[in-house]
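The values are calculated or read from the model by the stated rules, or taken from the named source; none is laboratory data. Bear in mind the structure is a predicted one, so any value in this text is a computation, not a measurement. Counting neighbours? That spans all protein chains shown, and the Cβs are built from the backbone with ideal geometry, glycine included.
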Amino acid sequence: MGGQQDPESISRTSSRRRIPQLDDFKLREKNEMETRQEKSQQPRNDQNQQQYGDNNPACVPPASMSMRPVSGPNGSFSVSTPSGETKTMRPDERLDDVQAQPSKYDVGWRRVVRNFSPSWFSVTMGTGIVANLLEGMPYNAAWLYWLSIVFFVLNTILFTLAFLTSVVRYTLYPEIWGVMIRDPINSLFLGTIPMGFATLIEMWVSVCVPVWGPWAATFAWVLWMIDTVVAAAVTLSLSVLLMMQTHELRSLERFTAAQLLPIAATIVAAGTGARVAEILPNPQHALGTIMTSYVLWAMGTPMAFVVIAMYFQRLAVHKMPPREVIVSCFLPLGPLGFGGFGIMYLGKVARDIFPQTNTLDPTAGSVAYVLGFLVALIMWGFGLVWFFIALVSIWEARPFPFNMGWWGFTFPLGVFATSTIQIGLEMPSRFFQVLGQVFSVAVILLWCLVAVRTAKGAWTGKLFFAPCLANLKKDGEDAEERERREA
């Protein structure tokens, strides 16, 4: 028995020599995972900064200031210029020395053309809605009518210049189109093109058709059909591209209300179609326009509610967006305001056209009118909530830098004022008419402020900057890498 150990000594020995358990390995893996997350936290912050700063066309700072240098042989590294070119720097070379030698694409008219992003069409949207408000305010005057014509002419010039500059941009530099369309932020602003064009059509209907007669009405109908095709193409194509692109938004925090821009294009086209159908001399043509407008409204409005719900979740979980894009809080007013105006005006026109064309039941037009008004009133109330949220967000984020995103003040609030005025005219209600007048004056004053700042920024050249150009060289390097792998 002398060779046997005492049970108590065996217990003490086993306690000193503890056998590793499964929980020990789990704890070790957890600690290693936390360490990796801490190391990767800084790159994620850089990605968020790139999303809200560099890749946002509403922001001014050059992308090259926030891009990480890529190390090369002998310690050299590459930096990207705003024109999309990549310059190789030696270790002893200063970044200021390279930036002090701009290429031909960074100066003169080439810089303006290459950096003329689609976000500039938001200027035509804001100017166009001011022209429409001056013409349609409930408490109007003769001098306001002539002032609306001045804004109409100005908006026509601005849209023509923006369109021609864009044509030159993608004709001389076709590679920019592919880079722009794949950018998750810049591509959204393609929706501003048909919306800006729709404001011109509405002013044509209000000002030119009463003076020039039936041919002007037919011309407005043709313009509206062009706008409809472009708006539907933008809404459908961008919705698919945003789902298929490889550089997707990796977190809800990077989600912005700018996702509403391509969706709102069909909503604006639907409201414009209601105005066009009202002045068409042929009832059958008017009926086809009304039905098409209802389809356009249905294409955009439900999707807009989905995006607004996602944006509200983003605000609830991650709080307010960065100061550079805080103005985007006003964007939900666009589809809510013009969506309500469109469905209400479609019902108004349907009440007159349906009986003339024997469409459905004789009372179908009246039913469409009543339902349209009720839906518009509900959307107006929902828009009032977002108007309050936007005001609080702007107040909390002040002061915030000026950029092209400030044009988000004008059009969304302007179409909300349009819906308010139309509700006041249909009821009729003095309250809504006065409130619509107040909103209209506020939009006009905001336009004056933003237009002055934009003109100053355009003159100095600070606003001519397209962050997506920094991806030109990157795409070329990726293509070369794929070719080497295939070889």
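Here are some notes:
- Scope segment 155-193; condition hydrophobic (A, V, I, L, M, F, W, C) and part of a loop (DSSP other than H, G, I, E, B); matching residues: ILE185
- Complete set of residues in segment 112-143 that are over 26 Å from ALA470 (Cα atoms), surrounded by 16 or more Cβ atoms within 10 Å (Cβ to Cβ) and either free of Cβ contacts under 8 Å to residues at least 24 places away in the same chain or of a type in the set (A, V, I, L, M) (or both): MET125, ILE129, VAL130, ALA131, LEU133, LEU134, MET137
- Residue check, ASP352 outside any helix (DSSP H, G or I) and under 27 Å from HIS285 (Cα atoms): no
- Test: residue in segment 311-330 that is modelled with pLDDT under 95, crowded, with 21+ Cβ neighbours inside 10 Å and over 29 Å from ALA233 (Cα atoms): yes
- A single entry from PRO262, PRO184 fulfils the requirement of being in contact with a His (Cβ under 9 Å, 6 or more places away or on another chain), within 18 Å of SER122 (Cβ to Cβ), assigned by TED's automatic domain parsing to the domain that holds LYS319 and not polar (S, T, N, Q): PRO184.
- Members of segment 105-144 that are closer than 16 Å to PHE416 by Cα and outside any loop (DSSP other than H, G, I, E, B): MET125, GLY126, THR127, GLY128, ILE129, VAL130, ALA131, ASN132, LEU133, LEU134, GLU135, GLY136
For every residue, the table says whether it meets (1) modelled with pLDDT under 95; (2) buried (at least 22 other Cβ atoms within 10 Å of the Cβ).
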position	(1), (2)
LEU161	no, no
LEU164	no, no
ILE185	yes, yes
GLU202	no, yes
LEU223	no, no
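- Residue list for segment 167-211, restricted to those being of a type in the set (Phe, Trp, Tyr) and closer than 30 Å to LEU472 by Cα: TYR170, TYR173, TRP177, PHE189, PHE197
- Pick from segment 166-183, criterion surrounded by 14 or more Cβ atoms within 10 Å (Cβ to Cβ) and hydroxyl-bearing (Ser, Thr, Tyr), ranking: nearest to SER328 (Cα to Cα): SER166
- Selection count where residues are free of Cβ contacts under 8 Å to residues at least 60 places away in the same chain, over 27 Å from ALA220 (Cα atoms) and more than 18 Å from the chain's Cα centre (by Cα), scope segment 286-332: 2
- Test: residue in segment 225-248 that is over 25 Å from TYR294 (Cβ atoms) and of a type in the set (D, E, K, R): yes
- Among the residues here, THR418 does not qualify as farther than 30 Å from THR460 by Cα, of a type in the set (Ser, Thr, Tyr) and modelled with pLDDT under 95.
- When the test is whether a residue is in contact with an Asp or Glu (Cβ under 8 Å, 6 or more places away or on another chain), modelled with pLDDT of 95 or more and among the hydrophobic types (A, V, I, L, M, F, W, C), PHE382 does not pass it.
- Filtering LEU391, LEU384 for residues that are surrounded by 13 or more Cβ atoms within 10 Å (Cβ to Cβ), in the same structural domain as TYR345 (by TED's automatic domain parsing) and more than 30 Å from PHE464 (Cβ to Cβ) leaves a single hit, LEU384.
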